[in-house]
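Trainee: Got a structure for you, written out below as structure tokens; questions coming shortly.
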Amino acid sequence: MIQADNYTSCLLIQEDSVTSVKNLLHNNEKTWRCWVVVSRSFADFTPQATFEIKKCDLHRLEEGPPLKAEMTREQGLQYYRTMQTVRRMELKADQLYKQKIIRGFCHLYDGQEACAAGIEAAINRSDHLITAYRAHGYTYTRGVAIKEILAELTGRKGGVAKGKGGSMHMYAPAFYGGNGIVGAQVPLGAGIALACQYQGNNQLCVTLYGDGAANQGQLFESFNMAALWKLPCIFICENNKYGMGTSVERASASTDYYKRGDFIPGLRVDGMDVLCVREATKFAADHCRSGKGPIIMELQTYRYHGHSMSDPGVSYRTREEIQEVRSKNDPISMLKDRLLSNNMASAEELKEIDVAIRKEVEDAAQYATSDPEPPLEELCNHIFYNNPPLEVRGTHPWSKLKSLS
């Protein structure tokens, strides 16, 4: 919509037709104004473009991912929708938590959206993924509806885990959570990769962990087994610079997390660029599927919220630091600039997407606050083993010991 002053007629331009429009004038004091309405066809947009991306740091690799990435208009809009949806969903979760509608643990993902969107764009839906407790974004990219995620956060029976899992325990086909114990998902991910190898289905497992878990012994045990057996596993460290409230420099003698596998090849990737993440993950997936064994990726990213909703996030870093990342390195803004500057989308089109996402998130929040809680009789359902446990002497504090003498 373009405003024009001092015109006494107005044109409506739609695709290749030009039609004069009558009586679209209104009087604003002494100046006649009208609006020129422009509706662009899809043919006006650039269908595909090539972008330069940041070079990855390599460990035990002769060559790495390409330095240029192709992106179609459809892909760009899809990545934008995905990241913007995760952003709006997390901001809504923040609001619901502050209203005490969401309770308990809640770890938000805003700022790290390019990681989830880029990884999902590079693997197949039949591939497997397991992550830690900052899991909302991956739950969405793995195919779970927004309303099921928010309803799980509010503990309602329409939630993806029927209201019993909460923030840290959401699951979907080929998505194994959401794991609350720091680092515990890494050996599980190696086990999933072992299953892929055993079944010979050409699938792989993406196993994610944070920089705060990177010093745990169980990671290195998993690395060793995965390398020995050449498991198709992509180990990914989402390095958001802080493990809870401790900076990586204060927690790790070496912050080169992509080198931590020693004998396993590694990549350090710009985790704020969805195209960089996509190309690196494609490279890693090809490495695994070709039978070369595991690979480690370190995604350098940043979280805008604190570690969890109980952490204000500004006691160990400054507000200015957070704002600088938002203004200079935001993953959504970076993609938006690429789309606009290369004529792959219009500002109006992206704004329409934003409005539609806001409405979808609002509708999901309405569902998540009106859906009933699971009834009490559901409490013990869906337990893996429902038979009474085997009685073992001394393990039940309420059991009475008997003397056999």
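The values are calculated or read from the model by the stated rules, or taken from the named source; none is laboratory data. Bear in mind that the values here come from a model prediction, so they are computed numbers and not experimental data. Don't worry about glycine lacking a Cβ; one is built from the backbone with ideal geometry, like all the others, and counts go over all protein chains shown. With ligands, DNA and RNA removed, areas are computed over all heavy atoms of the protein, side chains included. Shrake-Rupley method; radii C 1.70, N 1.55, O 1.52, S 1.80 Å.
Trainee: Given the conditions (1) open to solvent by 20 Å² or more (accessible area, probe 1.4 Å); (2) within 26 Å of Leu335 (Cβ to Cβ); (3) within 14 Å of the chain's Cα centre (by Cα), which single one is not true for Ile146?
Mentor: Just one mismatch for Ile146, condition (1).
Trainee: Among the residues of region 299-318, which ones are among the aliphatic types (A, V, I, L, M) and open to solvent by less than 10 Å² (accessible area, probe 1.4 Å)?
Mentor: Listed by number, the list holds a single entry, Leu299.
Trainee: While we're here: When you look at Arg338, is it modelled with pLDDT of 95 or more and touching a helix residue (DSSP H, G or I) at 6+ places or on another chain (Cβ under 8 Å), yes or no?
Mentor: Answer is yes for this residue.
Trainee: Of the residues Asp262, Asp256, Asp273, Asp286, only one is of a type in the set (Asp, Glu) and surrounded by 21 or more Cβ atoms within 10 Å (Cβ to Cβ); which?
Mentor: None of the other options fit; the residue is Asp273.
Trainee: Still on this model: Any chance region 279-293 includes a residue that's modelled with pLDDT of 95 or more, farther than 25 Å from Glu70 by Cα and not in a loop (DSSP other than H, G, I, E, B)?
Mentor: Scanning region 279-293 turns up no residue that is modelled with pLDDT of 95 or more, farther than 25 Å from Glu70 by Cα and not in a loop (DSSP other than H, G, I, E, B).
Trainee: Tell me yes or no: at least one residue of region 219-228 is crowded, with 24+ Cβ neighbours inside 10 Å, of a type in the set (A, V, I, L, M, F, W, C), within 21 Å of Pro66 (Cα to Cα) and in contact (Cβ under 8 Å) with a residue 24 or more places away in the chain.
Mentor: no
Trainee: Right, Ala226: over 19 Å from Leu129 (Cα atoms), among the small types (Gly, Ala, Ser) and over 21 Å from the mean Cα position of the chain (by Cα) or not?
Mentor: It is false that Ala226 is over 19 Å from Leu129 (Cα atoms), among the small types (Gly, Ala, Ser) and over 21 Å from the mean Cα position of the chain (by Cα).
Trainee: Kindly provide the set of residues from region 69-85 that are open to solvent by 10 Å² or more (accessible area, probe 1.4 Å) and among the hydroxyl-bearing types (Ser, Thr, Tyr), ordered by number.
Mentor: Thr72, Tyr79, Thr82
Trainee: What is the number of the single condition among (1) outside any strand (DSSP E or B); (2) crowded, with 18+ Cβ neighbours inside 10 Å; (3) out of contact with any Asp or Glu (no Cβ under 8 Å at 6 or more places or on another chain); (4) of a type in the set (Val, Ile, Thr) that Ile296 does not meet?
Mentor: (1)
Trainee: Next question. Considering only residues that are within 22 Å of Gln78 (Cβ to Cβ) and in a loop (DSSP other than H, G, I, E, B), which ones fall in region 128-159?
Mentor: Once the filter is applied, which keeps residues that are within 22 Å of Gln78 (Cβ to Cβ) and in a loop (DSSP other than H, G, I, E, B), region 128-159 yields Thr131, Ala135, Arg142, Gly143, Val144, Ala145.
Trainee: Mind counting the residues in region 92-118 that are of a type in the set (Gly, Ala, Ser) and either surrounded by fewer than 20 Cβ atoms within 10 Å (Cβ to Cβ) or not assigned by the TED database to the domain that holds Gln323 (or both)?
Mentor: 1
Trainee: Collect the residues in region 124-133 that are surrounded by fewer than 24 Cβ atoms within 10 Å (Cβ to Cβ) and of a type outside the set (Asp, Glu), keeping them in residue-number order.
Mentor: Across region 124-133, the qualifying residues are Asn124, Arg125, Ser126, His128, Tyr133.
Trainee: Right, next: If the Cβ limit is 7 Å and pairs must be 6+ apart or interchain, which residue in region 352-370 that is of a type in the set (D, E, K, R) and assigned to a helix (DSSP H, G or I) pairs with which residue that is open to solvent by less than 10 Å² (accessible area, probe 1.4 Å) and at pLDDT 95 or above?
Mentor: Going by the 7 Å Cβ cut-off, the qualifying pairs are Glu360/Ile146.
Trainee: Which of the residues that make up region 41-54 are touching a residue at least 24 places away in the same chain (Cβ under 8 Å) and either surrounded by 13 or more Cβ atoms within 10 Å (Cβ to Cβ) or assigned to a strand (DSSP E or B) (or both)?
Mentor: Phe45, Thr46, Gln48, Ala49, Phe51, Ile53, Lys54, listed by residue number.
Trainee: Working only within region 152-189, note down all residues that are β-branched (Val, Ile, Thr) and either touching a helix residue (DSSP H, G or I) at 6+ places or on another chain (Cβ under 9 Å) or more than 24 Å from Phe235 (Cβ to Cβ) (or both).
Mentor: Listed by number, the residues that qualify are Thr154, Val160, Val182, Val186.
Trainee: Would you mind telling me which numbered condition in (1) within 24 Å of Lys351 (Cα to Cα); (2) surrounded by fewer than 21 Cβ atoms within 10 Å (Cβ to Cβ) Gly180 fails?
Mentor: Only one criterion in (1) within 24 Å of Lys351 (Cα to Cα); (2) surrounded by fewer than 21 Cβ atoms within 10 Å (Cβ to Cβ) is unmet by Gly180, namely (1).
Trainee: Just to be sure before I move on: is Ala121 within 12 Å of the chain's Cα centre (by Cα), at pLDDT 95 or above and assigned to a helix (DSSP H, G or I) in the structure I sent?
Mentor: yes
Trainee: Shifting gears a bit: Considering only residues of region 55-93 that are charged (D, E, K, R) and outside any helix (DSSP H, G or I), which is nearest to Arg268 (Cα to Cα)?
Mentor: The qualifying residue nearest to Arg268 (Cα to Cα) is Asp57.
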